[in-house]
Amino acid sequence: MRLTKDAINLLQQMPNKETITELLKKSNKPFLTKDDVMEAIKFLSIQKIEKVQEEKIESYYAENISHKIEIIEESDVSGKSRSRGTVEDFISYFNDRFSKIKNIFLKRGISDVITTKDIKNYDRKDVGIICFVYDIRQSSKGNTIIEFEDEYGTGLGIIVKENLDKLPSVIQDDIILIKGRVINDMIIIKEIEFPDISLYENNLNIEEDFYIAYLSDIHVGSKKFLEKNFNYFIEWLTKSEEGKKVAYMVIAGDIVDGIGIYPKQEDELIIKDIDKQYETFNELAKKIPEWIKIIAIPGNHDAVRRAEPQPSLNKKHCSSSIIYASNPVYVKIHSVLHLVYHGTSMDSIIAKIPKLNYDNPALCMQELLKRRHLSPFYGDNLVVPEKKDYLVIETVPHVFHTGHLHKNAYKKYRNCLLINSGTFQDRTDYQIQLGHVPTPGIVPIFNPKRNVIKEVNTFAKVS
Ligand SMILES: [Fe+2]
Ligand SMILES: [Fe+2]
């Protein structure tokens, strides 16, 4: 274990440094900062409060609230998939994506927006065009040429090399607003805008004092599934003061580890039968207090089609105490609108956008919101060309919840709270090979009334 200088200084000041060191060892991180030490101190102090309160708590607050949970029906693909994957299906899919995102721009009241068929009529004039980026290349003079298309045709834009650093970088398939001057049927690009989300606060007005717990990537069936930690979390929900205020649980996919998801996966499995994996999870879930309403969506390890949008789990794998929905889905919990998405596309986002990496899931989520699409780049992440594009972020949620990266992250981006919930799967050999450092056993809980997020770290109690 290696610590930064300020981490060592802080640790040395603490009277219980041995206990803190023990906890830090369990984090499995090769390199620890002052923030990690702070985290451990904070966590240990929460444990103390819990012990005192555990003895005197009788009434369960979450039990007394009247639950309000609603799946937004039109966002759920379950039972509605009609795509046959024909060329026509793809055309209507991309047309739907384009018109929805174009509308997001137009709703802002942008003037002077033309289409590709009008470019020739606007010579030497300033215009704006909402378009798909079809191709990006460098000219021999070092300028950047963007080939774009809209519903009428194609066009060319140039970013002169002196302006390149001043403009946001774009990627093939991005839908953007280009502003610039038409010169000889080409647009000299001066500005580029993404559809993005509003800067303004989206105030929540919640009366009830409750928490929502966010989980994902439980991976039941994997040898690395942390069953003890999962059970401790359920115990925490049942016995601790704060745990008893948890009224909802949202599970963003990868409930089980699945079968045949990657080569030689069977070597990593303790349960090699998919039905048994779900049975085991459902048995564990039975122990979750009944006043917690649970909603679960599938992820890329679950037993539904791999391409997105994924329908909800097959009935035979469901538990009667859980509400199932598609991936992605919009869910309203009281007045808090959630967009729940497993996050499989984040692998392709990380591969395409240079500033992103596996250590910072919130930045990946931010890029999705900026593009108002959950899988903006066609190719690596499989999508089904449904008649309508379920992956467009048409409505900005209060909370955007993802998983898949096995790393906890929270961020307020503009008017949206981003939560990437962690995992209950310990670091796998594959993750070691890739150098990914997950954060297993940590569950975020959010109180919308008080607007606070807390982490429940299950590692302090589990040896
Ligand atoms: Fe996962
Ligand atoms: Fe996943």
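Computed from the coordinates by the stated procedures, all read-outs in this text should not be read as laboratory data. Remember, predicted model here, so these are calculated numbers, not experimental data. Please note: Cβ atoms are built from the backbone with ideal geometry, for glycine as well, and neighbour counts cover all protein chains shown.
Quick notes
- Taking every DSSP helix (H) stretch of at least 4 residues in the chain, weighting each as -39,500 (n - 2.57) and dividing the sum by the residue count yields a mean residue ellipticity at 222 nm of -7500 deg cm²/dmol.
- Of the chymotrypsin sites (Phe, Trp or Tyr not before Pro) found in region 200-307, those that fall in a DSSP loop while having at most 13 other beta-carbon atoms within 10 Å are 200.
- Those GluC sites (Glu not before Pro) in region 103-178 that DSSP places in a loop and that have at most 12 other beta carbons within 10 Å: 162
- Cα centroid of region 107-144 to Cα centroid of region 366-383, whole Å: 22
- For residue 253, the residues whose amide H sits under 5 Å from its own are 217, 297, ignoring neighbours fewer than 5 places away on the same chain, with H placed 1.01 Å from N.
- Sparsely packed loop sites in region 191-248 (the trypsin sites (Lys or Arg not before Pro) outside DSSP H, G, I, E and B with at most 12 other Cβ atoms within 10 Å) do not occur.
- Protection proxy ranking, highest mean first, for peptides 337-348, 65-76: 337-348, 65-76, where packing is the per-residue count of other beta-carbon atoms within 10 Å, averaged.
- In nm, spacing of pseudo-spin labels at residue 35 and residue 17 (7 Å Cα→C-beta vector): 2.4
- Computed from backbone phi, the HN-Hα couplings of region 150-163 come to 9, 5, 9, x, 10, x, 10, x, 10, 9, 6, 4, 5, 8 Hz, rounded to whole numbers (Karplus: 6.51 cos²θ - 1.76 cosθ + 1.60, θ = phi - 60°; Gly and Pro given as x).
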